[in-house]
Amino acid sequence: MTTAFLTHPDALNHVNPEGHAECAARLEAVYAATAGLDLLRVEAPLAGNTPILRAHPQSYIDNLEAQAPAVGIVALDPDTSLSAGSMNAARRGVGGVLKAVELVLDGEAGNAFVAMRPPGHHAEREKSMGFCLFGNVAIAALHALEARGLSRVAIVDFDVHHGNGTQDILWTEPRIRYFSSHGMPLYPGTGALDERGAHGQIVNIPLPPGSTGALYREKLENIILPALDDFRPELLLISAGFDAHEGDPLANLNWQDEDFTFATRRLCEVAQKHCAGRVVSALEGGYNLSTLGGLVRAHIEVLQEFSA
């Protein structure tokens with residue numbers, strides 16, 4: 001088997017205001033850095049409403065559709081916007097992660113990476129925010145449970161910002177274990193240790209400003225990996241944000257390139273142990289255009305090691 005790489009040109013058509021950190025150039029950097037890799041390249045399909053409704057009510061979808069402009073940009077909040085191409089991009093973002101889950105569960109790929117935008121982990125059940133419209137990874141986890149009959153799905157989110165949307169969507173879901181490491185204090189201000197979910201299934205790991213990847217490695221080894229061993233997931237999803245890197249403009253942690261590859265390798269190892277290596281990773285943050293492509297390539301190269 002091989003590693004699947006899912007994307008679609010529609011992701012480039014989601015337009016934010018000029019100078020916005022979450023821009024099409026992010027994806028272009030990923031494309032350039034991964035162009036030479038031997039991957040199963042698959043177009044991300046458009047997601048219909050059925051899987052999205054597991055995470056967001058119809059009224060939320062309708063409201064986004066109604067606000068989407070034919071031309072120009074509409075601001076939903078100071079950080080989050082809609083352009084003419086945004087809804088197709090967002091639906092393909094969901095569709096890409098869903099298709100990746102299907103490929104991995106059906107044995108057509110060993111693991112997968114989804115390179116789409118806008119990102120998803122800040123989108124709450126009824127609120128778009130933090131550049132995000134739909135909770136892509138949360139939707140994929142619920143799909144694996146409801147449409148594919150899995151009993152236990154884990155999500156590990158190493159984006160530097162707390163995945164408040166994933167937490168909100170999955171707050172009452174006992175079959176999904178969600179782990180988020182993130183800088184604190186930092187946007188969006190959530191993710192405290194005592195935010196545990198209705199069933200104690202949410203594990204937040206706040207990291208102090210200026211901390212290095214060494215602290216994260218300690219938390220990974222002593223908190224996340226033992227909990228994953230105890231949970232024994234049947235599928236592991238990764239919200240792969242690369243903005244904890246020391247060069248990222250939107251945060252103040254000091255991870256190095258090798259900290260991301262270390263995390264990827266250890267997560268793949270635990271997935272090998274419990275779920276036949278079934279890992280689906282989806283791009284979240286990462287806003288330094290000079291480093292993002294290389295970080296994503298290194299992440300995918302580790303996935304390839306485990307899909308061979």
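Full extension of the chain between residue 214 and residue 258 gives 14.8 nm of extra length, using 0.36 nm per residue less the Cα-Cα distance. Normalising the average separation of contacting C-alpha pairs (under 8 angstrom, six or more residues apart) by the number of residues puts the relative contact order of the stretch 148-244 at 39 percent. Here each label is just a point 7 Å from Cα along the line to Cβ, and for residue 148 and residue 74 those points are 3.4 nm apart. Straight-line cross-link partners of residue 273 among the lysines, defined as a Cα under 25 Å from its Cα and at least 8 positions apart when in the same chain: 99, 219. Remark: the chain carries a charge dipole of roughly 600 debye about the Cα centre, counting +1 on each Lys and Arg Cβ and -1 on each Asp and Glu Cβ. Stretching the chain fully between residue 126 and residue 65 yields a gain of 20.6 nm (0.36 nm per residue, less the alpha carbon separation). Length available on full extension from residue 2 to residue 290: 0.36 nm per residue minus the Cα-Cα distance, which gives 100.9 nm.
Taking every C-alpha pair closer than 8 Å and separated by at least 6 residues, the mean separation divided by the residue count of the stretch 3-307 gives a relative contact order of 20 percent. Here Rg/Rh (Cα atoms, Kirkwood Rh) was computed from the coordinates, and among (1) 0.92; (2) 1.08; (3) 0.97 the match is (1).
Among 1-9, 120-128, 198-206, sorting by the average number of other beta carbon atoms lying within 10 angstrom of each residue, highest first, gives 120-128, 1-9, 198-206.
Using the Cβ-Cβ distance between residue 172 and residue 35 with R0 = 45 Å, the FRET efficiency computed as 1/(1 + (r/R0)^6) comes to roughly 0.60. List residues of the stretch 77-93, by number, whose backbone nitrogen lies under 20 Å from a label position 7 Å along Cα→C-beta of residue 13. From the stretch 77-93, the list is 81-93. Based on the alpha-carbon gyration tensor of the stretch 1-132 and its eigenvalue square roots a ≥ b ≥ c, which shape applies: rounded if a/c is under 1.5, prolate if not and a/b is larger than b/c, or oblate? Since a/c reaches 1.5 but b/c is at least a/b, the shape of the stretch 1-132 is classed as oblate. Here the peptides 91-103, 65-77 are ranked by packing, the mean other Cβ count within 10 Å, and the order with the highest first is 91-103, 65-77. Peptide packing: for 163-170, 148-155, 264-271, the average count of neighbouring Cβ atoms within 10 Å per residue gives the ranking 163-170, 264-271, 148-155, highest mean first. Note on residue 276/residue 28: beta-carbon distance plugged into 1/(1 + (r/R0)^6) with R0 of 30 Å gives a FRET efficiency of 0.35.
Only the coordinates and a few stated rules stand behind these numbers; no lab work does. Values in this document were obtained by computation on a predicted structure and should not be read as measured data. Virtual Cβ from ideal backbone geometry, glycine too; neighbours counted across all protein chains shown.
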